[in-house]
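Student: For reference, the structure I am asking about is given below.
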Number of protein chains: 2
Amino acid sequence: MKLCILGAAAGGGVPQWNCGCGQCILARAGSPRVRPRTQDSVAVRGPGSGIGLLNASPDVAVQMARTEDLWPRGARQSPVAAVVLTNGDLDHCLGLLSLREWQPLVVYATAAVRRDLCEGNAMFRTLERFPGQSTWRTLPLDREIALGDTGVLVRAVPAPGKVPVHVRRAPSVEDNVALVLREDGRRATTVYATAVGRVDPLRGEIERAACVLFDGTFYRADEIVALCGARAEDMAHVPIGGPGGSLAALAGISARRVYTHVNNTNPILDAESAERAAVEAAGWQVAEDGMEIAA
Amino acid sequence: MKLCILGAAAGGGVPQWNCGCGQCILARAGSPRVRPRTQDSVAVRGPGSGIGLLNASPDVAVQMARTEDLWPRGARQSPVAAVVLTNGDLDHCLGLLSLREWQPLVVYATAAVRRDLCEGNAMFRTLERFPGQSTWRTLPLDREIALGDTGVLVRAVPAPGKVPVHVRRAPSVEDNVALVLREDGRRATTVYATAVGRVDPLRGEIERAACVLFDGTFYRADEIVALCGARAEDMAHVPIGGPGGSLAALAGISARRVYTHVNNTNPILDAESAERAAVEAAGWQVAEDGMEIAA
């Protein structure tokens, strides 16, 4: 099984259009210290022929254009066998609307996420121009399914999350999931968990995994309080640092470990920062766009 | 007044994610014959301080990241004074949802387009996280208004269009407009008209203009019939070629003339094609991303 990080940034990307912080300035200037990153999405390829997309970021067009594995294999074709959504946040779903050119598309989402998107937004009718254009399949919780013809098996497990900003309803266990992936016929698992409010519910899966792509949104709980009044936990992202952070909580795991879904404010983006040194000293990598992982 | 073509392609861009035609293959390969293009949007700058965006394409993030004029001028800031929508098609509106990071945003649209987007799609609540985040202003027909503090005046004129694919209602004169732009204090106008079902209603504006950015979606009326069953006119785009095409209809105008909003199927994208030679022989340019126009 091969994973390719199509986008390693949180919502807004790096640089973010309206941000003039030091890190965004370095990213715009082409500095090797802070590489530009697009928004969170991963391509997964197994022994089968199709490729799975984990989330469809608003940047999906540029991500597909620069990733040869995702180029069409015929005059009108896409190797994308299915898209799996881990929640209904715009940075994970908006890209579906860029996959609209008369191409059949299979989307896995929990029933709650599907309802929020399709019943609440007329724009998704664009994916229903002909019978069979979009096929929505229910992503079950805690049950492994085959991801199209990719040869990859995926199991969604509930993760502490939140209702998307634009949705008005009570929270549901279906709002946010982590994915446990493995190649058909093999035991080694990869955990993909890029929106995680608390570490504990996922600890067991991560301890058993060979690889984990984990929520690297914020380093500090108060990283964006000054910008919008919210703490990391309010946005259902456990911070990396601090006594309650993921770095401390996941000390001692043996999995290959990668922080991704990194917000433009997070100092681990800067290759010369103390925070980058701290996560690397603890055995973590910081994801970049295009990073490939054999898992 | 300075215009910058942020994206010169029609919906789907060039290359298009699911297209393996000869032109998309050349674009992916980096051939100088077919340059990659993102989806239709134009930045307009006048003697004022702010910059106007004409449409917000799904590619707005990459367009802003590579255009220095659009970079923030402070720690949290955007020089974008306002976005003007010419219709409610996804390739013109989806980018609004990528301009969501706690930044005030002024959007001009006709009442019909605004209703379709905001009342039909819960996702637009993401632009209402705090009072004053998004300010929607009604784009009047046939009346010139100041575009924020850009120093640019804009007048919307009805253009033969269509109801967006995802909208279920009767057509309205507000569905699709062309924009007539001029620098405050000057007479020379630029017409921006990238979705035009028939040339005639706009002929007078174009004859009086110093510059026109015109609908270059399709070269032939039957260009995508085999793909989706629709003719150019069904999609409210007059083709370039043929006896009823824009090249013949606009022969003899004196304005600087540029075809933009070019679909990946249009042979004018290929610098070596007979169709490119034909439009250039008639005095037209074919827009590329990043093209700047002093107007």
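The values are calculated or read from the model by the stated rules, or taken from the named source; none is laboratory data. Please read these numbers as outputs of a predicted model, since none were measured by experiment. Methodologically, a virtual Cβ is constructed for each residue, glycine included, from the backbone with ideal geometry; neighbour enumeration extends over all protein chains shown. These area figures cover heavy atoms from the full protein model, side chains too; ligands, DNA and RNA do not enter into them. Shrake-Rupley method; radii C 1.70, N 1.55, O 1.52, S 1.80 Å.
Student: Calculate, for A:ALA29 and B:ALA75, the FRET efficiency according to 1/(1 + (r/R0)^6) with r their C-beta to C-beta distance and R0 22 Å; round to the nearest 0.05.
Tutor: Taking R0 as 22 Å, the efficiency between A:ALA29 and B:ALA75 is 0.85.
Student: Tell me the Kirkwood radius of the protein assembly as shown: reciprocal of the mean inverse pair distance over distinct alpha-carbon atoms, in Å.
Tutor: 24.5
Student: Oh, and also: So what are the ³J(HN,Hα) numbers for the stretch B:256-271, from phi and the Karplus equation (6.51, -1.76, 1.60; θ = phi - 60°), rounded to whole Hz, Gly and Pro as x?
Tutor: 4, 10, 9, 8, 9, 6, 8, 6, 4, 7, 7, x, 5, 5, 8, 4
Student: So if I place +1 on the C-beta of Lys and Arg and -1 on the C-beta of Asp and Glu, and nothing else carries charge, what would the dipole magnitude of the stretch A:150-194 be about its Cα centre? I want it in debye, nearest 20. It would help to have the intermediate numbers written out before the result.
Tutor: On the way: 7 positive and 4 negative charges, 17 e Å.
My answer is approximately 80 debye.
Student: Now for a separate question. What is the mean projected area of the alpha carbon convex hull for the stretch A:147-260, to one decimal in square nanometres?
Tutor: Averaging across all directions leaves 8.1 nm² for the Cα convex hull.
Student: Cα centroid distance between the stretch B:198-243 and the stretch B:1-78, in Å?
Tutor: The stretch B:198-243 and the stretch B:1-78 have Cα centres separated by 21 Å.
Student: So if I take the alpha carbon set of the stretch A:37-143, get Rg, then get Rh from the Kirkwood formula, what is the Rg over Rh ratio?
Tutor: My calculation of the ratio gives 0.94.
Student: Further question: May I ask for the net charge around A:GLY46, where only other residues with Cβ less than 11 Å from the Cβ of A:GLY46 are counted and Lys, Arg are +1 while Asp, Glu are -1?
Tutor: It works out to a net charge of +1.
Student: Run through the DSSP bridge list for the protein assembly as shown and note the antiparallel percent, rounded to the nearest 5.
Tutor: The answer is about 55 percent antiparallel.
Student: Let me see the P(r) profile for the stretch A:183-228: every Cα-Cα distance counted, bins of 10 Å, each bin given as a percent of all pairs.
Tutor: 23, 41, 23, 9, 3
Student: Moving to a separate point now. By DSSP, what percent of the beta bridges with both residues in the stretch A:30-102 are antiparallel, rounded to the nearest 5?
Tutor: Working: 4 of 8 bridges.
Antiparallel bridges: around 50 percent, rounded to the nearest 5.
Student: Sticking with this structure for a sec: How many nm separate the modelled label positions at B:ARG143 and A:ASP234, each set 7 Å beyond the Cα in the direction of the Cβ?
Tutor: Here the modelled spin labels are 4.0 nm apart.
Student: Can you work out the FRET efficiency for the pair B:PHE130 and A:ARG129, with r the C-beta to C-beta distance and R0 = 45 Å, to the nearest 0.05?
Tutor: So, using R0 = 45 Å, E works out to roughly 0.80.
Student: Another question about this same structure. What does the buried accessible surface come to for A and B, summed over both chains, with the probe at 1.4 Å? Round to 100 Å².
Tutor: Buried area between the two chains comes out at roughly 4500 Å².
Student: Quick one: accessible area per residue over the protein assembly as shown, 1.4 Å probe, rounded to a whole number of Å²?
Tutor: 35
Student: Non-local amide H neighbours of A:VAL212 (under 5 Å, H modeled in plane, Pro and chain starts lacking H): which ones?
Tutor: Correct list: A:VAL191, A:ARG256, A:ARG257, A:VAL258.
Student: Assuming R0 = 35 Å, can you tell me the calculated FRET efficiency for the pair A:LEU227 and B:ALA210, based on Cβ-Cβ distance, to the nearest 0.05?
Tutor: The value I calculate is 0.25.
Student: So what is the relative contact order of the stretch B:81-198, in percent, for Cα pairs below 8 Å that sit 6 or more residues apart?
Tutor: Worked out over the stretch B:81-198, it gives 24 percent.
Student: Also, I was wondering about something else. Out of the total accessible area of chain B (probe 1.4 Å, heavy atoms of protein only), what percent is carbon and sulfur? Can you show the working numbers first?
Tutor: Details: 5140 of 10360 Å².
Its accessible area is 50 percent carbon and sulfur atoms.
Student: At q = 0.24 Å⁻¹, what base-10 log of I(q)/I(0) does the Debye formula yield for the stretch A:20-98 when every alpha carbon is treated as an equal point scatterer in vacuo?
Tutor: Taking Cα atoms of the stretch A:20-98 as identical point scatterers yields -1.09.
Student: Can you compute 3J(HN,Hα) from phi for each residue in the stretch A:83-99, using the Karplus curve 6.51 cos²θ - 1.76 cosθ + 1.60 with θ = phi - 60°, rounded to whole Hz and x for Gly and Pro?
Tutor: Here the 3J(HN,Hα) series is 10, 10, 9, 8, 6, x, 5, 4, 5, 10, 10, 4, x, 4, 6, 9, 10 Hz.
Student: Do any residues of the stretch B:203-239 show a loss of at least 40 square angstrom of accessible area between the isolated chain and the full protein assembly, using a 1.4 Å probe, and if so which?
Tutor: B:LEU227, B:CYS228
Student: What is the spin-label model distance, in nm, from B:ALA170 to B:ARG198 if the labels are put 7 Å beyond Cα along the C-beta direction?
Tutor: Here the modelled spin labels are 1.9 nm apart.
Student: Distance between Cα centroids, the stretch B:134-163 to the stretch A:244-292: provide it in whole Å.
Tutor: 47
Student: Over chain B, what is the percentage of antiparallel beta bridges among all DSSP beta bridges, to the nearest 5?
Tutor: Close to 50 percent.
Student: Determine the shape class of chain B: with a ≥ b ≥ c the square roots of the Cα gyration tensor eigenvalues, call it rounded for a/c under 1.5, and otherwise prolate if a/b is greater than b/c, oblate otherwise.
Tutor: Details: a/c = 1.39, a/b = 1.33, b/c = 1.05.
Cα axes put chain B in the rounded bin.
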